[in-house]
């Protein structure tokens with residue numbers, strides 16, 4: 001079996017993404033979606049409902065009363081926020097474990113995923129871009145390929161780091177050169193297998209803007225910038241560190257100045273403790 | 001005992017049982033000061049170069065910015081009996097994403113901002129581990145003043 005075949009086999013070992021994620025994304029993709037459809041989907045998933053209520057009643061929101069049902073949760077926190085919590089809880093199973101190949105301790109990749117998702121959603125809000133939930137989910141799951149590649153990166157770590165330290169390679173360029181595939185390409189494969197929309201597959205596959213020939217979609221730029229902000233802030237980054245390519249065109253596409261970028265970092269930094277609390281729930 | 005300094009955070013100590021530590025510096029910069037005679041020191045982890053982008057936030061949390069955080073670190077350490085002329089200063093972080101240039105290069109600007117302030121105030125660093133595209137964790141042992149820098153994927157070394 002070639003390494004590539006071995007890697008593809010590893011995809012089967014991922015915990016499947018809960019069906020509810022695709023159901024939610026499908027419903028909200030329709031122009032005039034029905035709110036009741038959505039709350040029903042959530043309501044009939046007892047596991048998710050339980051997790052949802054736990055988050056709603058945590059110190060993160062510090063509500064002055066207890067939220068007892070999905071309906072209740074929607075009326076108190078708003079539909080957007082509830083969908084985010086549900087999506088967040090659905091992504092956790094795969095992303096929480098440690099990834100030794102990337103020198104990421106338990107919870108670090110998860111911290112990075114959640115922070116990216118929150119920053120991406122805030123950016124979409126700020127720039128008045130639709131598709132917020134898709135952007136949130138794509139940002140959350142963009143590094144799913146790392147979970148599969150982890151073991152292989154670990155085995156070839158010295159070779160990969162040699163190219164990064166001495167040959168001007170980005171970490172993912174070195175992944176590709178040494179292992180034959182990078183974590184974004186693998187993420188794209190997983191996204192296809194999980195039945196995500198073509199746009200979401202595109203965002204996950206191109207979240208480092210590594211497909212040079214193409215102008216990216218605005219959603220991809222948002223997820224890209226959120227990822228870069230997390231790297232700069234050092235949130236859940238491992239041995240790959242900041243060894244990725246910076247593309248100013250993403251900031252230009254969204255009309256983000258250097259001052260505005262710093263403002264976004266400051267805003268997120270201010271609420272970071274809250275995010276850390278959210279991760280513990 | 002481990003005392004964790006978060007992002008946009010600062011702590012000082014003269015408790016010999018304590019080790020100050022800050023994790024995962026990307027473009028942020030960690031500043032360590034230590035007076036071996038007073039056996040007192042401090043650590044700052046700031047994110048951004050310049051507080052003029054948001055005065056309100058700087059007032060609420062001066063440790064977010066270089067220009068408000070650094071003076072605060074020095075003054076807080078003086079309160080524990082540390083003297084500027086005896087202090088060792090170590091800085092680490094300020095990493096950059098590949099090809100990150102100009103105004104968007106937060107890591108480099110974080111470093112420039114610090115250098116300007118140190119130059120004006122006659123502070124000389126004893127050790128700098130700045131730039132590149134790595135992720136660093138730093139710690140300061142209050143009893144000895146020993147400083148350790150861990151680079152993710154490359155292990156830890158004493159400065």
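Here are the numbers for the structure shown:
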item	result
The range A:27-41: number of residues that are touching a residue at least 24 places away in the same chain (Cβ under 8 Å) and within 24 Å of the chain's Cα centre (by Cα)	4
Number of positions in the range B:3-22 that are assigned to a strand (DSSP E or B) and more than 14 Å from every other protein chain (Cβ to nearest Cβ)	6
Answer residue from the range A:225-274, given it is away from chain B (no Cβ under 11 Å) and assigned to a helix (DSSP H, G or I) and is modelled with the lowest pLDDT among those	A:274
Of residues in the range B:120-139 being out of contact with any helix residue (DSSP H, G or I) (no Cβ under 9 Å at 6 or more places or on another chain) and assigned to a strand (DSSP E or B), the one surrounded by the fewest Cβ atoms within 10 Å (Cβ to Cβ)	B:127
Flag for residue B:65 being crowded, with 20+ Cβ neighbours inside 10 Å and under 24 Å from residue B:142 (Cβ atoms)	no
Identity of the residue in the range A:128-154, surrounded by fewer than 24 Cβ atoms within 10 Å (Cβ to Cβ) and within 14 Å of chain B (Cβ to nearest Cβ), that ends up nearest to residue A:220 (Cα to Cα)	A:150
For residue B:103: the one exception among (1) under 29 Å from residue B:36 (Cβ atoms); (2) free of Cβ contacts under 8 Å to residues at least 12 places away in the same chain; (3) assigned to a helix (DSSP H, G or I)	(1)
Candidate set: the range B:69-98, residues that are in a helix (DSSP H, G or I) and buried (at least 20 other Cβ atoms within 10 Å of the Cβ); chosen: the one farthest from the chain's Cα centre (by Cα)	B:77
Every residue from the range B:140-159 that is within 14 Å of chain A (Cβ to nearest Cβ) and part of a strand (DSSP E or B)	B:149, B:150, B:151, B:155, B:156
Qualifying residue in the range A:157-166 (condition: crowded, with 16+ Cβ neighbours inside 10 Å and more than 19 Å from residue A:103 (Cβ to Cβ))	no
Filter result (under 23 Å from residue A:124 (Cβ atoms), part of a helix (DSSP H, G or I) and without any contact (Cβ under 8 Å) to a residue 60 or more places away in the chain) within the range A:55-70	A:56
Selection within the range B:25-44 - in a strand (DSSP E or B) and surrounded by fewer than 24 Cβ atoms within 10 Å (Cβ to Cβ)	B:35
Among (1) over 25 Å from residue A:196 (Cβ atoms); (2) not in a helix (DSSP H, G or I) - the single one residue A:73 does not satisfy	(2)
So residue A:121, is it within 14 Å of chain B (Cβ to nearest Cβ), touching a helix residue (DSSP H, G or I) at 6+ places or on another chain (Cβ under 9 Å) and farther than 26 Å from residue A:11 by Cβ	no
Condition met for residue B:47 (at pLDDT 95 or above and buried (at least 24 other Cβ atoms within 10 Å of the Cβ))	yes
Members of the range B:73-114 found to be away from every other protein chain (no Cβ under 14 Å) and within 19 Å of residue B:53 (Cβ to Cβ), listed by number	B:114
Any hit, the range A:42-54, residues being in a helix (DSSP H, G or I), touching a residue at least 60 places away in the same chain (Cβ under 8 Å) and more than 16 Å from the chain's Cα centre (by Cα)	yes
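The values are calculated or read from the model by the stated rules, or taken from the named source; none is laboratory data. Just so we're clear, the structure is a prediction, and the values are computed from it rather than from any experiment. Here Cβ is always computed from backbone atoms with ideal geometry, including for glycine, and neighbour counts include all displayed protein chains.
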